[in-house]
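These notes are about the structure you will find just below.
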Amino acid sequence: MTNLSINVASVRNKIIDFIHNEMARAGFSRVVVGLSGGLDSTMACYLAVEALGAANVLAVRMPYTTSSPESLEHAQLVIQTTGVESLTIPIAEMVDPLIRKFTDMNAFRKGNIMARARMIVLFDQSAANDALVVGTGNKTEILLGYTTLYGDAACAFNPLGDLYKIQVRQLAKEMKIPDVIIQKPPSADLWSGQTDEGELGFTYLEVDQLLYLLFDKQKTPSECETEGFSKEFIERVIARVRKNAFKRKMPPIARLTEGETAIDI
């Protein structure tokens, strides 16, 4: 099995420094975090508190009618443990009018609408509180495209984006995240019984091992087979990464002038 262990103390310090640097570069002192009660958003909240102090972190819960009561409870546990300011803004009144217009709308479309409605709320709160929105996506989700463009993928900066899911769990244990949050099955909580691994069709442990070999170690598919992964699984994961490559890039711009236009001042 591939070793995905991290030096948790070093990673923790690097992320805290990253948050400090990004905030200073942008000229902000406060952040907004969408708090679902899941591991990733909990980690983002804890890291933001450690870097900036609880008084500078606003945690926003945004339940839908099908959201699990457990998710709200776990988010409240994080709020109470960290001492951050919090808001609860249900999104049903935002998303239901659009959903009702299309009687054939499937769960995928509904989930995307919910994710984008939540980001509308977060960016509105960022404007209201002169704050930056903190991302909560991990490296596994980003590579697989298990994100919604302009939904959960939208943020001002992302402290977790270079950590695989199982590495996020390692860091969570170091930071004394409540065990009930670390151990529960990862879920976007978009409908009753939904889990990430059930929707993806494989476990995070399996795919993290493979993604690490492919991207961090630059192994070929055939070399990954010798590590014990099936050809079918390797091809399936690579196909998903390629299909969702557009999510990892800024929208292309039609270049009408010669050379590159310098816009990053």
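The values are calculated or read from the model by the stated rules, or taken from the named source; none is laboratory data. All figures in this text were calculated on a predicted structure; none of them were measured in a lab. In this analysis, Cβ positions are derived from the backbone assuming ideal geometry, glycine residues included, and neighbour counts consider all displayed protein chains.
Looking only at the stretch 5-12, decide whether some residue is buried (at least 17 other Cβ atoms within 10 Å of the Cβ), out of contact with any Cys (no Cβ under 6 Å at 6 or more places or on another chain), among the β-branched types (V, I, T) and under 14 Å from L132 (Cα atoms).
no
Residues being within 17 Å of L35 (Cβ to Cβ), out of contact with any Ser or Thr (no Cβ under 7 Å at 6 or more places or on another chain) and assigned to a loop (DSSP other than H, G, I, E, B): count how many of those fall in the stretch 111-147.
Residues meeting the conditions: 3.
Condition test on S36, is it touching a residue at least 40 places away in the same chain (Cβ under 8 Å), under 25 Å from P90 (Cβ atoms), of a type in the set (S, T, Y) and in a loop (DSSP other than H, G, I, E, B)?
Answer is yes for this residue.
Quick one: is D208 of a type in the set (D, E), in a helix (DSSP H, G or I) and either at pLDDT 90 or above or farther than 20 Å from K243 by Cα (or both)?
yes
Would the stretch 118-126 turn up any residue that is crowded, with 20+ Cβ neighbours inside 10 Å and farther than 23 Å from E70 by Cα?
yes
Filter the stretch 1-33 for residues that are in a helix (DSSP H, G or I) and free of Cβ contacts under 8 Å to residues at least 60 places away in the same chain and give the result.
Matches in the stretch 1-33: S10, N13, K14, I16, D17, H20, N21, A24, R25.
Hey, F108 hits all of (1) part of a helix (DSSP H, G or I); (2) surrounded by fewer than 17 Cβ atoms within 10 Å (Cβ to Cβ); (3) modelled with pLDDT of 95 or more but one; which does it fall short on?
Failing condition for F108: (3).
Taking I99 and the conditions (1) outside any helix (DSSP H, G or I); (2) more than 17 Å from the chain's Cα centre (by Cα); (3) β-branched (V, I, T), which numbered condition does it fall short on, given that it satisfies the others?
(1)
Every residue in the stretch 225-261 that is of a type in the set (S, T, N, Q), modelled with pLDDT of 95 or more and more than 19 Å from L200 (Cβ to Cβ), please.
T226
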